[in-house]
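The values are calculated or read from the model by the stated rules, or taken from the named source; none is laboratory data. Values in this document were obtained by computation on a predicted structure and should not be read as measured data. Neighbour counts run over all protein chains shown; Cβ positions are idealised from the backbone, glycine included.
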């Protein structure tokens, strides 16, 4: 499933053709994706100007002039294709070629910018929903999400408070969207390695007895910021079903330190350890037992 850097890459690819443009027409070519479309889904979109295109965790959010917000999630295999008279590009392209079968083109937006935006989703785990802006705080899909890891409020003190007293593993805590929103398996593995912290470490060790952040918490927050920003600059990681709107592959997978590198030598200077993999909370965890403590 695409993680925060991949979704942000897609947002940046869609922004030039969506933001400030009117949705001249919208089509939902089937009754549902992961969830059924609302009965008035198309009617609430047609004729609306997209006043802003943002992101919350792994969701794309298009603000409409009506006061509604179009909430979009890529799911496992969803992708957007931008079609112009002289161009056909994909925002967010990540490793394996995307499906080009038009049978999986489930949603289309015809924009006043001259672009058609097509949402293709072979597995249909993605979803879209129109929500009134003033109802977002009560929206079940968004309610309870933690802070954005690249937002100003996310710092070592906040992470320490969120992990205070938690007896779960540090990796499990970071994957909990209530602790921090948008992090997924790949970037948690990478951030833990860069901060030299074991995925098995108890989450509560990020906080002192007085509730203050430890040096571990400070290192980890710095590593999270670095790895996410590096991945966004690289266009995300091209793994399985993710592709940029430009049609280009993201290439952050070439910078992985541990993810998918089982049996390879750790790249930490003077470490010389071997990357291991084990299953943790049903997900593959990659780490270096020698330098991650």
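Just checking, how many residues over segment 184-218 are at pLDDT below 95, under 28 Å from residue 75 (Cα atoms) and part of a loop (DSSP other than H, G, I, E, B)?
1
Identify, please: which residue in segment 129-166 is part of a helix (DSSP H, G or I) and in contact with a strand residue (DSSP E or B) (Cβ under 8 Å, 6 or more places away or on another chain) and is, among those, surrounded by the fewest Cβ atoms within 10 Å (Cβ to Cβ)? If you could, list the steps in order and put the result at the bottom.
First, pick out the residues of segment 129-166 that are part of a helix (DSSP H, G or I): 133-138, 156-163.
Among the residues that remain, those that are also in contact with a strand residue (DSSP E or B) (Cβ under 8 Å, 6 or more places away or on another chain) are: 133, 136, 156-157, 159-161, 163.
Details: 133: 13, 136: 15, 156: 20, 157: 16, 159: 27, 160: 24, 161: 16, 163: 26.
Taking the candidates together, the pick is 133.
In segment 1-27, which residue that is assigned to a loop (DSSP other than H, G, I, E, B) and touching a helix residue (DSSP H, G or I) at 6+ places or on another chain (Cβ under 8 Å) is nearest to residue 186 (Cα to Cα)?
We begin by selecting, within segment 1-27, every residue assigned to a loop (DSSP other than H, G, I, E, B); these are 1-3, 19-21.
Going one step further and asking which of them are touching a helix residue (DSSP H, G or I) at 6+ places or on another chain (Cβ under 8 Å), we end up with 2-3.
Working: 2: 10, 3: 8 Å.
So, considering only residues that are assigned to a loop (DSSP other than H, G, I, E, B) and touching a helix residue (DSSP H, G or I) at 6+ places or on another chain (Cβ under 8 Å), the one nearest to residue 186 (Cα to Cα) is 3.
Residue check: is residue 30 in contact with a strand residue (DSSP E or B) (Cβ under 6 Å, 6 or more places away or on another chain), assigned to a loop (DSSP other than H, G, I, E, B) and farther than 24 Å from residue 144 by Cβ? Walk me through it before giving the result.
On the way: in contact with a strand residue (DSSP E or B) (Cβ under 6 Å, 6 or more places away or on another chain): yes; assigned to a loop (DSSP other than H, G, I, E, B): yes; farther than 24 Å from residue 144 by Cβ: yes.
The answer is yes for residue 30.
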